[in-house]
């Protein structure tokens, strides 16, 4: 089952951000979300058919040297284009974040990613977290390769993760194109982690060689682990083991339950769009069961569409009393988001890499390769997935 979220009824909306939208104020991005092998000099544009673009940010991500793509919104507010002569980097991943206003001042948001062309017979690993990031103690170093890896041992040997203070770090392969690395337990707060990539000229498959050689560093911040009890409709937020707050929540309804297990925050959005069609919730005509353009304080927990996010459309009495979502975890919020709401309070205290654990849901445990779900696998099984064992 794909996880998403909504609050039931005529005003219901839910999870699965970044999907193809419908309606007059849809934000349209070229190249399309998830596009691969985009030519570095190919067309890059963000546009709306009406209203105006409030902000557009295009940047190279998952790279040791993230870079903004220069550009500007046209005077009529309908289009954003890169600066004259701009050429994207080859073998790179880019993220587009755009916010638009319609004629009534209502905001909608769009987040998409695409990757540029990798030269023939070369491979590259797109990784998280970013260089110089400060992350939560649950961060897992994750590589996704653009081509299937046949010689997993050679590639794994070329990716070295070390920590100060020292701790054993082991890799685990999920299929032929993903390698995750983590310690046995959550990182100790304050740990400084170094990722040395020595993939250049490593032969991953017959005739396919790596192009990367760089060093990435990140720091582990304070420990924050939040425990969602789907039966009690509460979330306990603990910082360094000390209870900070118990917040009322709504989780997945009986037919669209929330995954159990430990999940890691991988993305944070002040505002994002969620469309049910992107996570498999469609009506008889194949359209999304919900489509909301301004979900506030959204924190991604799984690749399949589970978020912990602000909810302004459900009745206040729902929070702490009933589960009505399509699989996400909802915190009370207001339209546009408020720093003083439960969702805003939690969002402002959350890092990428923080852990959210769900218990007492009537669903199965989240898969270890769904987002950064590797903490749901014990250490013996985790190490058994290494090509170096």
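Key figures
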| item | result |
| --- | --- |
| Among residues of the stretch 204-249, those that are over 21 Å from the mean Cα position of the chain (by Cα), in a loop (DSSP other than H, G, I, E, B) and touching a residue at least 24 places away in the same chain (Cβ under 8 Å), counted | 9 |
| Count of the stretch 176-190 residues which are in contact (Cβ under 8 Å) with a residue 60 or more places away in the chain and surrounded by fewer than 22 Cβ atoms within 10 Å (Cβ to Cβ) | 3 |
| Residue in the stretch 143-163 that is surrounded by 20 or more Cβ atoms within 10 Å (Cβ to Cβ) and assigned to a loop (DSSP other than H, G, I, E, B) present | yes |
| Tally, over the stretch 364-382, of residues that are without any contact (Cβ under 8 Å) to a residue 60 or more places away in the chain and outside any loop (DSSP other than H, G, I, E, B) | 2 |
| Criterion: under 30 Å from residue 153 (Cα atoms), more than 20 Å from the chain's Cα centre (by Cα), in a loop (DSSP other than H, G, I, E, B) and touching a residue at least 24 places away in the same chain (Cβ under 8 Å) - qualifying residue of 314, 322, 387 | 387 |
| Residues within the stretch 297-311 that are surrounded by 22 or more Cβ atoms within 10 Å (Cβ to Cβ) and in a loop (DSSP other than H, G, I, E, B), tallied | 4 |
| Among the residues listed as 304, 325, the single one being modelled with pLDDT under 95 and out of contact with any strand residue (DSSP E or B) (no Cβ under 6 Å at 6 or more places or on another chain) | 304 |
| For residue 189: the one exception among (1) modelled with pLDDT under 95; (2) over 20 Å from the mean Cα position of the chain (by Cα) | (1) |
| Among the candidates 120, 89, 133, 95, residue that is surrounded by fewer than 20 Cβ atoms within 10 Å (Cβ to Cβ), within 22 Å of the chain's Cα centre (by Cα) and free of Cβ contacts under 8 Å to residues at least 60 places away in the same chain | 95 |
| Matching strands (runs of 3 or more DSSP E) fully within the stretch 35-102 where at least 1 residues are closer than 20 Å to residue 125 by Cα | 35-38, 52-61, 93-101 |
| Unmet criterion (only one of (1) under 18 Å from residue 334 (Cα atoms); (2) at pLDDT 80 or above) for residue 263 | (1) |
| Hits in the stretch 325-363 (condition: crowded, with 22+ Cβ neighbours inside 10 Å, in contact with a helix residue (DSSP H, G or I) (Cβ under 8 Å, 6 or more places away or on another chain) and in a loop (DSSP other than H, G, I, E, B)) | 326, 333 |
| Selection status of residue 58, within 19 Å of the chain's Cα centre (by Cα) and over 30 Å from residue 187 (Cα atoms) | yes |
| Of the criteria (1) in a strand (DSSP E or B); (2) under 28 Å from residue 96 (Cα atoms), which one residue 118 fails | (1) |
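The values are calculated or read from the model by the stated rules, or taken from the named source; none is laboratory data. The structure presented is a predicted model; accordingly, all values stated were derived computationally and were not measured. Glycine also receives a Cβ, built like all others from the backbone with ideal geometry; neighbour counts cover every protein chain displayed.
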